[in-house]
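Working notes, structure below.
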Amino acid sequence: MQANPRVSVMFVCLALAVFSCAPSAFAQGSGMIEELLPDLLLNRVVLAPSTTGVDHSAHFRQDADPTSLPFVFNDALVAQLARIPLGSSSGGFTFRFDAAAGTFTRSTPTFGPSFAERAVTIGKGKATFGFSVQRATYDGFEGKDLDGGIKFYLRHLDSTTPPAFYEGDVVEETLHLNVDTAMSTFFGSYGITDRLDIAVAVPIANISMHADVDTRILRLATQGSSDIHRFPNGTDQATFNDSGSASGIGDVLLRPKYVFANANGGGLAGGVEVRLPTGDPDNLLGTGAAAATPMLIASAQYGRYSPHFNLGYTFAGRHHTALGNEFQYTVGTEFEASPRLTVSGDVIGRVLRDSGRLVDTTTTLAFQSAAGIPGATTVQELAFQDGNLNVVTGVVGAKVNLFGTFLLSGNVLFPLKKSGLYDHLTPVIGIDYTF
């Protein structure tokens, strides 16, 4: 059977774009980005040798304990960064064949949303090729300012039996974190029939991370005994920092969609998103595990408004960076501002099943002095809480028909709920062409 020229052109364009713009995955820095924070927060906490006859240099190192808070915090960041949501691969122009006229006509007056699917197909034999760029500079985590500082408290390891008084000291770490991601996505779709489309999205990811940690010894138990616990610089305070970056192909997505029922400007469709583990999970370019997301897609047209609704559930493969299963929904509408301009708004919800959350908690630190006098103080720190993580994001944007079937799109994503990792404003721009 002879290959359809539109399919050949689309996949050749995708292949050329990817191989010309995407290097193989590479990283810069002291090591893999996935390990940067645990190493900085735990492995670097080495004290000066003591003059008391007991070596305290490694008494606050907890690098072998995966349940310690720095590890849990890092796992939460890694899981979300490895699965950044991508936009729709569907083209803005949709067609149906008019048998009486013998030509293709537009099947919808709007150009569709950028982060949702519609229950319409591009049209049998039609193809779309496009490109988008989204840039996120993450600002917060669970309501806390990343750059403003997140505190961790490292307890003294058990060193003697019975416990010695100096085990009441604590190391306080204040983390200042900058995380940036840039995602360039090449996508294409093809109408196999009037009811069946297949699409592919190939992301090229770049991630960078820089962290500064201001560390100080809280002398709860050793007041006046500076020789017991001190940093190599001879003081109670030290600052550590590290950074890393990585670039390469992310997880490739395959997205078939089938329309079960047609309606005015929409209908009811089913789809599935298959995520292939092509990205490097150690540098947060991918999840390291395959995943499949069956979806229910509904859309309609009422005058100049075209509402849409998506419902999906992700079945994720097993890997240490994968989030696990996830429930997803998107609801929104497009508005035909003019024949050449569509504006849209969406609410995107993600329920990360059994991922747990880190919540602010008041913790009491008990200690006793060298004379055996007990004491206690309280600190605010993050603590793990079982349950689901609900992430809700808003999207507003527009698509402009420049000429022919070329579309220019612009969108802004923003958090509607300060849960998990979030960026206050994430801009996304893109183009697509239907032929």
Item to check | Relative contact order (%) - the range 236-380, alpha-carbon pairs under 8 angstrom, separation at least six | outcome: 14
Checklist outcome for this item: Excluding residues fewer than 8 positions from residue 151 in its own chain, the lysines with Cα under 20 Å of it are 418
Checklist entry - What value, in deg cm²/dmol to 500, does the helix sum -39500 (n - 2.57) over DSSP H runs of n ≥ 4 give at 222 nm once divided by the residues of the chain? => result -2500 deg cm²/dmol
Checklist outcome for this item: Magnitude of the Cβ-charge dipole (Lys and Arg +1, Asp and Glu -1) of the chain about the Cα centre, nearest 20 debye, reported as 2100
Item to check | Local electrostatic count, residue 340, Cβ distance below 15 Å [Lys/Arg +1, Asp/Glu -1] | outcome: 0
Item to check | Within straight-line cross-link reach of residue 144, aspartates and glutamates at Cα separation under 13 Å, skipping those fewer than 8 residues along the same chain | outcome: 360, 381, 423
Next on the checklist: For the range 297-435, what does the relative contact order come out to in percent, with C-alpha contacts under 8 Å and a separation of six or more?
Outcome noted: 17
Item to check | Dipole magnitude (debye, nearest 20) for the range 167-263, charges at Cβ of Lys, Arg, Asp, Glu | outcome: 580
Checklist entry - What are the lysines whose alpha-carbon lies under 30 Å from the alpha-carbon of residue 124, with same-chain residues fewer than 8 places away excluded? => result 257, 399
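Every number in this text was worked out from the coordinates using simple rules, so none of it is lab data. Everything quoted here is computed from the prediction, not taken from an experiment. So basically every Cβ, Gly included, is an ideal-geometry build from the backbone, and we count neighbours across all protein chains shown.
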